[in-house]
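Here's the structure we're looking at; comments come further down.
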Amino acid sequence: MTSTDSENDYTSEESAKEDEIAYFEESSESEPEIECDLWDQDCKVITSTPSSLIGYHLLPTCSRDPEVIPRKKSKILPEINNKLLDCNFLKTLQEHWNKNEKFLNADIELIAEPFKVCVIHNFLNNGDVLNDVRQEFNELDWNMRNMDLYEFFQSKDLKYLNSEYINIIFNFLKTDVMEWVSNLMGYPLTHISATCSLYSNTDYLLVHDDQREDRMVAFVLYLTGKSGWNQSKGGALQLLNKDEKSQPNEIVRDIFPANNQLVLFPVTNDSYHQVAEVTCIDDCRLSINGWFHVKSPPVFKQPIYLPLNDGLYSRNYIKAKEVDIDLESWISEEYLNPKSVKLIQRHIEENSEISLRKFFKMECFSEISHTLESYDIIWTPVGPPNRYHYEKINLCNLPHILERFLDLFQSRMMFSLLQQYTDLELTTSNASMKFELQRWSCGNYCLLSDFDWNEKNELDLVIYFGCSKSADVIGARTQYVTIEDEIQNALITLEPEENNLNIVYRDSARFTKYFSKQSRCKKFFALVCSYAE
């Protein structure tokens with residue numbers, strides 16, 4: 001070791017005194033292995049063999065100033081807010097919770113409707129520990145979760161992570177917090193599952209109820225950071241009520257994220273909720289969330305869902321109609337000549353899909369597009385929102401041009417043309433079709449739900465109006481996917497680009513992604529038809 005210049009100035013007498021002592025540090029399990037910027041006075045002077053070492057810790061980050069009395073850095077451990085641990089206060093909360101009564105003060109809110117929710121502000125006494133947790137979020141390996149129901153980033157289950165402060169919070173949740181929640185709600189909670197979640201710009205989680213296996217209480221611990229959160233950033237936890245058929249209906253309450261805020265609610269037949277789209281470019285919605293479980297799975301009663309009477313998700317099909325209509329007056333000539341028809345058939349045979357650009361003559365297409373904007377048309381909402389959320393046209397009292405347009409797709413001539421395109425038997429008496437003319441606005445979507453996609457293979461036709469540039473639409477893509485063990489593998493994706501006739505032979509499932517509120521295009525229309533042999 002090379003001595004510093006100041007060390008060389010010592011006299012031989014001083015050096016001799018120094019050689020008579022050495023420094024010994026007692027070991028400590030809580031000591032960090034590499035952090036030494038704050039060092040305590042746990043050294044002892046012992047008699048030992050002569051040494052030339054100077055008596056300070058040798059890592060270059062340590063202070064050499066003899067006037068400074070360093071201290072060891074101590075870990076900040078999470079603790080539940082003392083007010084929540086007060087026996088009298090907890091008893092008051094229990095009484096309101098058991099009676100399903102609202103309660104509100106500066107620290108906590110008990111929500112009774114549309115279902116029971118507990119919102120705790122400043123949950124931790126020492127919220128600064130979340131700063132360390134948030135810092136570890138920057139070091140995580142995030143998995144992109146992207147399905148029909150959601151789009152956001154998620155970590156591994158916390159029991160598989162090795163992050164120091166995230167593990168501290170995880171252990172705190174499965175001990176102190178689980179015991180407190182069990183005392184409040186009266187459930188015999190046994191274990192916990194949890195992950196870290198990150199919602200960036202345009203991310204969301206659509207309507208669901210969390211019912212699965214032995215989940216009993218859902219929780220979300222928010223870590224929004226110093227900049228805080230406000231309504232303009234979106235990302236609210238939204239609670240939905242139910243209609244007379246016990247299906248989720250309308251959003252009746254928004255709970256916006258706040259740092260050091262814990263939200264809890266039992267998983268029940270009523271607990272329909274969603275995470276609103278995050279609409280902030282320069283901030284992310286951060287949380288640790290999961291469920292407290294019980295040993296014996298609760299019994300959930302699913303409401304009976306009655307399929308729609310008409311449209312794409314009904315069992316009612318339409319036979320081909322004799323319609324006095326001329327294909328040449330509607331469809332571009334290139335898609336009707338025999339040579340093009342043969343090429344289309346070959347492509348569909350090889351790929352099961354094709355997109356025919358500028359399929360309709362521009363004059364006809366423009367007139368349809370203009371008519372769809374009419375205020376005289378009645379649009380009917382399609383739901384419930386845990387399945388569908390868009391509008392379809394009411395077929396009563398349609399403008400004449402729209403009535404003729406829809407007749408075109410129901411006509412024997414269209415059935416015959418599609419048979420030429422695909423070689424499917426669409427001119428027999430068994431051939432049929434169903435359709436919807438849809439209006440899509442920001443926030444709309446169509447989930448997979450439990451529709452029986454395997455009942456029969458069908459030929460889908462999809463054509464869009466009102467979106468001149470597909471780049472102006474964020475989301476709202478129609479995807480054809482396989483469904484195996486909750487893994488969705490996209491086979492075909494349709495972008496909402498107008499006047500392209502998309503033809504897909506569907507032997508899989510179909511859904512349409514959430515239509516982002518940040519799209520430049522705020523509305524479009526789609527005609528979707530399904531033909532069966």
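Tally time: how many residues in the range 174-198 are open to solvent by less than 10 Å² (accessible area, probe 1.4 Å) and under 24 Å from residue 147 (Cβ atoms)?
The qualifying residues number 3.
Cβ-Cβ distance below 7 Å, separation of 6 or more or different chains: which pairs start in the range 302-330 with a residue that is under 16 Å from residue 433 (Cα atoms) and end on one that is of a type in the set (Ser, Thr, Tyr)?
Every condition considered, the pairs that remain are 308/314; 312/530; 317/432; 318/432; 319/432; 320/411; 321/411; 323/411.
Among the residues of the range 163-171, is there at least one that is hydroxyl-bearing (Ser, Thr, Tyr), over 21 Å from the mean Cα position of the chain (by Cα) and closer than 21 Å to residue 285 by Cα? First the steps, then the outcome.
From the range 163-171, those hydroxyl-bearing (Ser, Thr, Tyr) are 163, 165; that's our starting set.
Restricting the remaining residues to those that are over 21 Å from the mean Cα position of the chain (by Cα) gives 163, 165.
Applying the additional criterion that residues be closer than 21 Å to residue 285 by Cα yields 163, 165.
Checking the range 163-171: at least one residue is hydroxyl-bearing (Ser, Thr, Tyr), over 21 Å from the mean Cα position of the chain (by Cα) and closer than 21 Å to residue 285 by Cα.
Kindly provide the set of residues from the range 259-293 that are of a type in the set (S, T, N, Q) and under 17 Å from residue 127 (Cβ atoms), ordered by number.
Passing the criteria: 259, 260, 261, 287.
Determine whether residue 257 is open to solvent by less than 40 Å² (accessible area, probe 1.4 Å) and either within 20 Å of the chain's Cα centre (by Cα) or free of Cβ contacts under 8 Å to residues at least 40 places away in the same chain (or both).
Judged against the criteria, residue 257 is a match.
Being in a loop (DSSP other than H, G, I, E, B), at negative phi and open to solvent by 60 Å² or more (accessible area, probe 1.4 Å) is true for just one of 312, 306. Which residue is that?
Residue meeting the stated conditions: 306.
Check whether at least one residue in the range 335-356 is part of a loop (DSSP other than H, G, I, E, B) and either touching a residue at least 60 places away in the same chain (Cβ under 8 Å) or of a type in the set (D, E, K, R) (or both), and report yes or no.
Checked against the condition, which is being part of a loop (DSSP other than H, G, I, E, B) and either touching a residue at least 60 places away in the same chain (Cβ under 8 Å) or of a type in the set (D, E, K, R) (or both), the range 335-356 yields at least one hit.
From 278, 267, 263, which residue is among the aliphatic types (A, V, I, L, M), within 26 Å of residue 497 (Cα to Cα) and open to solvent by less than 10 Å² (accessible area, probe 1.4 Å)?
Exactly one of 278, 267, 263 is among the aliphatic types (A, V, I, L, M), within 26 Å of residue 497 (Cα to Cα) and open to solvent by less than 10 Å² (accessible area, probe 1.4 Å), namely 278.
Say we look at the range 357-380 and pick out the residues that are within 14 Å of residue 438 (Cβ to Cβ) and part of a loop (DSSP other than H, G, I, E, B); which of these is most open to solvent (accessible area, probe 1.4 Å)?
Restricting to residues being within 14 Å of residue 438 (Cβ to Cβ) and part of a loop (DSSP other than H, G, I, E, B), the top hit is 378.
Right, residue 182: hydroxyl-bearing (Ser, Thr, Tyr) and either farther than 27 Å from residue 241 by Cα or in a strand (DSSP E or B) (or both) or not? Spell out the reasoning first.
On the way: hydroxyl-bearing (Ser, Thr, Tyr): yes; either farther than 27 Å from residue 241 by Cα or in a strand (DSSP E or B) (or both): no.
For residue 182, the condition - hydroxyl-bearing (Ser, Thr, Tyr) and either farther than 27 Å from residue 241 by Cα or in a strand (DSSP E or B) (or both) - is not met.
Of the residues that sit in the range 390-425 and are in a helix (DSSP H, G or I) and aliphatic (A, V, I, L, M), which one is most open to solvent (accessible area, probe 1.4 Å)?
Going through the qualifying residues, I end up with 413.
Is it the case that the range 331-346 has a residue that's open to solvent by 70 Å² or more (accessible area, probe 1.4 Å) and within 41 Å of the chain's Cα centre (by Cα)? Full working, then the answer.
Step one: of the range 331-346, the residues open to solvent by 70 Å² or more (accessible area, probe 1.4 Å) are 333-334, 338-339, 342-343, 346.
From what's left, within 41 Å of the chain's Cα centre (by Cα): 346.
For the range 331-346, residues open to solvent by 70 Å² or more (accessible area, probe 1.4 Å) and within 41 Å of the chain's Cα centre (by Cα): present.
If I go through the range 121-156 residue by residue, how many of them are part of a helix (DSSP H, G or I), open to solvent by 80 Å² or more (accessible area, probe 1.4 Å) and of a type in the set (A, V, I, L, M)?
Within the range 121-156, residues that are part of a helix (DSSP H, G or I), open to solvent by 80 Å² or more (accessible area, probe 1.4 Å) and of a type in the set (A, V, I, L, M) number 0.
So for the range 381-388 (the condition being open to solvent by 10 Å² or more (accessible area, probe 1.4 Å) and in a helix (DSSP H, G or I)), does at least one residue qualify?
No, the conditions are met nowhere in the range 381-388.
Could you say which residue among 197, 163 is touching an Asp or Glu at 6+ places or on another chain (Cβ under 6 Å) and on the phi < 0 side of the Ramachandran plot?
163
Residues that are open to solvent by less than 10 Å² (accessible area, probe 1.4 Å), modelled with pLDDT of 95 or more and at negative phi: which strands (runs of 3 or more DSSP E) entirely in the range 468-515 hold 3 or more of them? Please lay out each step first, then the result.
Details: elements: 478-484, 487-494, 500-506, 509-512.
Ranges flagged: 500-506.
Name, by its number, the condition in (1) closer than 24 Å to residue 204 by Cβ; (2) loosely packed, with under 15 Cβ neighbours inside 10 Å; (3) among the charged types (D, E, K, R) that does not hold for residue 319.
(1)
This table checks each residue for (1) under 23 Å from residue 403 (Cα atoms); (2) surrounded by fewer than 20 Cβ atoms within 10 Å (Cβ to Cβ); (3) touching a His at 6+ places or on another chain (Cβ under 9 Å).
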site: 428; (1), (2), (3): no, yes, no
site: 432; (1), (2), (3): yes, yes, no
site: 436; (1), (2), (3): yes, no, no
site: 440; (1), (2), (3): yes, no, no
site: 443; (1), (2), (3): no, yes, yes
site: 452; (1), (2), (3): no, yes, no
site: 456; (1), (2), (3): no, yes, no
site: 459; (1), (2), (3): yes, no, no
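I'm checking my understanding of the structure. Among residues of the range 129-179 that are closer than 28 Å to residue 445 by Cβ and among the polar types (S, T, N, Q), which one is modelled with the lowest pLDDT?
Filtering the range 129-179 for residues that are closer than 28 Å to residue 445 by Cβ and among the polar types (S, T, N, Q), the one modelled with the lowest pLDDT comes out as 146.
Since residue 153 meets every condition but one in (1) touching a Leu at 6+ places or on another chain (Cβ under 6 Å); (2) in contact (Cβ under 8 Å) with a residue 60 or more places away in the chain, which condition does it not meet?
Unmet for residue 153, out of (1) touching a Leu at 6+ places or on another chain (Cβ under 6 Å); (2) in contact (Cβ under 8 Å) with a residue 60 or more places away in the chain: (2).
The values are calculated or read from the model by the stated rules, or taken from the named source; none is laboratory data. All values reported here derive from a predicted model rather than from experimental measurement. Neighbour counts run over all protein chains shown; Cβ positions are idealised from the backbone, glycine included. Quick note on the areas: whole protein, heavy atoms, side chains included, nothing else; ligands and nucleic acids left out. Shrake-Rupley method; radii C 1.70, N 1.55, O 1.52, S 1.80 Å.
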